[in-house]
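The values are calculated or read from the model by the stated rules, or taken from the named source; none is laboratory data. The structure presented is a predicted model; accordingly, all values stated were derived computationally and were not measured. Virtual Cβ from ideal backbone geometry, glycine too; neighbours counted across all protein chains shown.
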Ligand code: FES
């Protein structure tokens, strides 16, 4: 996990405050606030979590606990081409895990990490509603179906050329 310290600008802090306010600073709305902040910043670094914690009066450890519990939250900036592997039941049964290991091997990163050149990041998703195409992989907005481990190299190569 990268521990690069980032400095939030005042307008970014204001933006986080506004999001917390729009959910009435209610601790029960923490997940919605985190979603909105991730949509805005692309990820949820410790610095963003701290501002939320202070503003909503929720202990920082609790905010961190929620962020790390749910796989759709991330603490690292996503790569230029974010790769998501569906690990829902249908995809899992049809070999998503082998596809995922191949991506990890080819990119030399783990789930939740971004390649050192910032081009690719890896994450897992729950069912994306395309079970007929299992196993499913998404790269940015593009969906690939019936992906086999042997296809992984080719998929990555498509984006390396971009
Ligand atoms: S389980 Fe992967 S698309 Fe449904």
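Here's a check for you: in region 125-141, which residue that is within 23 Å of residue 45 (Cα to Cα) and either at pLDDT 90 or above or part of a helix (DSSP H, G or I) (or both) is farthest from the ligand (Cβ to nearest atom)?
Of region 125-141, the ones within 23 Å of residue 45 (Cα to Cα) are 125-126, 139-140.
Add one more test, that the residue is either at pLDDT 90 or above or part of a helix (DSSP H, G or I) (or both), and what stays is 139-140.
Details: 139: 15, 140: 17 Å.
Here the answer is 140.
Six or more apart or on different chains, Cβ atoms under 9 Å: show the pairs whose first residue is in region 8-34 and more than 12 Å from residue 63 (Cβ to Cβ) and whose second is outside any helix (DSSP H, G or I).
8/45; 25/57; 29/23; 32/23
What residue, among those in region 42-69 that are in a loop (DSSP other than H, G, I, E, B) and surrounded by 15 or more Cβ atoms within 10 Å (Cβ to Cβ), is farthest from the ligand (Cβ to nearest atom)?
58
Kindly provide the set of residues from region 70-93 that are within 12 Å of the ligand (Cβ to nearest atom), surrounded by 19 or more Cβ atoms within 10 Å (Cβ to Cβ) and not in a strand (DSSP E or B), ordered by number.
87, 88, 91
Restrict the check to region 97-108 and report whether at least one residue is assigned to a loop (DSSP other than H, G, I, E, B), in contact (Cβ under 8 Å) with a residue 12 or more places away in the chain and within 16 Å of the ligand (Cβ to nearest atom).
Initially, region 97-108 is screened for residues assigned to a loop (DSSP other than H, G, I, E, B), giving 108.
Those left that are additionally in contact (Cβ under 8 Å) with a residue 12 or more places away in the chain: none.
For region 97-108, residues assigned to a loop (DSSP other than H, G, I, E, B), in contact (Cβ under 8 Å) with a residue 12 or more places away in the chain and within 16 Å of the ligand (Cβ to nearest atom): absent.
Can you confirm whether region 74-93 contains a residue that is more than 27 Å from residue 131 (Cα to Cα) and touching a helix residue (DSSP H, G or I) at 6+ places or on another chain (Cβ under 7 Å)?
yes
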